[in-house]
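Down below is the structure, laid out as structure tokens.
The values are calculated or read from the model by the stated rules, or taken from the named source; none is laboratory data. Fair warning: this is a prediction, and the values are worked out from it, not measured in the lab. We place every Cβ from the backbone using ideal geometry, glycine too, and count neighbours over all the protein chains shown.
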Amino acid sequence: MINLEHVSKTFDTASGNVHAVKDVSLHIEPGEIFGIIGFSGAGKSTLVRCINLLERPTSGRVIVDGQDLLELNEKELRAVRKKIGMIFQHFNLMQSRTVAQNIAFPLKGSGLSKAEIAQKIDSLLELVDLKDKANAYPSQLSGGQKQRVAIARAMANDPKVLLCDEATSALDPQTTQSILKLLKEVNERMGITIVLITHEMAVIKDVCHKVAVMENGCVVETGEIVEVFTHTKHQVTKNFIETTSSVSRIHELMAQDSPICRLKAGEVLVQLKYDANNASEALISKISRDYQVDTNIIFGNIEVIRHTPIGDLIVIFSGSKEGIDQAVECLKTNHVSVEVLKQ
């Protein structure tokens with residue numbers, strides 16, 4: 001659905017050139033929810049605005065649904081943009097218009113009759129669960145309701161692509177979950193390709209099929225969401241993943257000589273990393289039976305991403321040195337990553 005080929009964007013400023021996006025190539029399949037994540041200044045918002053040419057790339061090709069947008073004239077580009085919806089962090093609703101009027105705005109010049117427009121508005125309000133707010137004004141809505149209106153407005157022209165630029169950043173965690181659930185429903189029911197820009201790995205983890213990680217204008221890592229979480233290649237990706245897990249705190253606790261990390265004779269502190277191949281296996285019970293190794297789980301984080309259980313455990317093994325060594329080898333044989341933190 002979307003092909004970005006060697007896309008770069010440079011801004012000319014008073015202090016010199018700013019290379020916001022550098023030679024980015026991405027391939028996004030129809031019907032995917034594709035996440036693009038990066039810290040502030042990584043270039044992710046500039047990149048997503050290049051997809052509908054709100055920012056015109058300095059170089060490269062932008063192909064959406066088989067059309068190279070950079071080869072289109074203004075009239076052709078306007079027609080294509082109608083099939084690329086966009087929602088923003090701060091909603092961008094017109095304050096002097098009602099919810100229904102905001103949703104109807106993109107339908108100007110669509111050729112639809114008043115009755116057809118009213119019917120479309122009604123169905124979109126039902127989709128975003130705001131049928132009772134048709135005549136309300138944005139000032140009367142909560143942040144989550146405003147974003148639902150923005151989603152309905154973005155879908156007024158039956159888009160094939162929905163671009164979400166930090167769509168949940170201004171919302172509280174509970175409201176964020178409701179908006180992500182709505183986007184997931186839109187994707188599953190209508191097959192719309194969604195590109196989700198965020199700086200929160202928890203958002204990526206909840207709804208995305210694939211993710212691209214950006215740093216300094218470049219895509220440094222990309223892949224299926226489970227693969228990226230379980231076989232992380234780049235440090236910035238590790239930093240993002242650590243924001244969704246408590247496991248990284250173990251190093252801080254060790255530095256503080258926390259009682260939780262103090263070992264007795266014959267004990268070893270380890271980190272176990274599970275992936276799709278082993279998170280459902282009863283390996284802790286197995287090593288306890290087979291090698292007489294007791295396992296004290298200090299804390300951890302096992303969760304389900306894309307129907308796949310993955311995560312980490314911080315544990316203390318107790319037993320003979322031979323038994324612990326055999327237990328570690330057994331875990332590794334079963335594709336559990338084992339890192340000895342302290343012994």
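What the table shows:
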{"read-out": "Subset of the range 285-343 (residues that are without any contact (Cβ under 8 Å) to a residue 40 or more places away in the chain, within 27 Å of Val203 (Cα to Cα) and in a loop (DSSP other than H, G, I, E, B))", "value": "His307"}
{"read-out": "Elements of type strands (runs of 3 or more DSSP E) in the range 193-265, at least 1 residues being crowded, with 16+ Cβ neighbours inside 10 Å and acidic (Asp, Glu)", "value": "210-215, 218-224"}
{"read-out": "Given (1) in contact with a Phe, Trp or Tyr (Cβ under 9 Å, 6 or more places away or on another chain); (2) at pLDDT 85 or above, number of the condition Asp275 does not satisfy", "value": "(2)"}
{"read-out": "Qualifying residue in the range 170-180 (condition: more than 18 Å from Met86 (Cβ to Cβ), acidic (Asp, Glu) and either crowded, with 17+ Cβ neighbours inside 10 Å or within 21 Å of the chain's Cα centre (by Cα) (or both))", "value": "yes"}
{"read-out": "Residues of the range 144-169 that turn out to be surrounded by fewer than 16 Cβ atoms within 10 Å (Cβ to Cβ) and out of contact with any strand residue (DSSP E or B) (no Cβ under 8 Å at 6 or more places or on another chain), as a count", "value": "1"}
{"read-out": "Leu107 being at pLDDT 90 or above and not polar (S, T, N, Q)", "value": "no"}
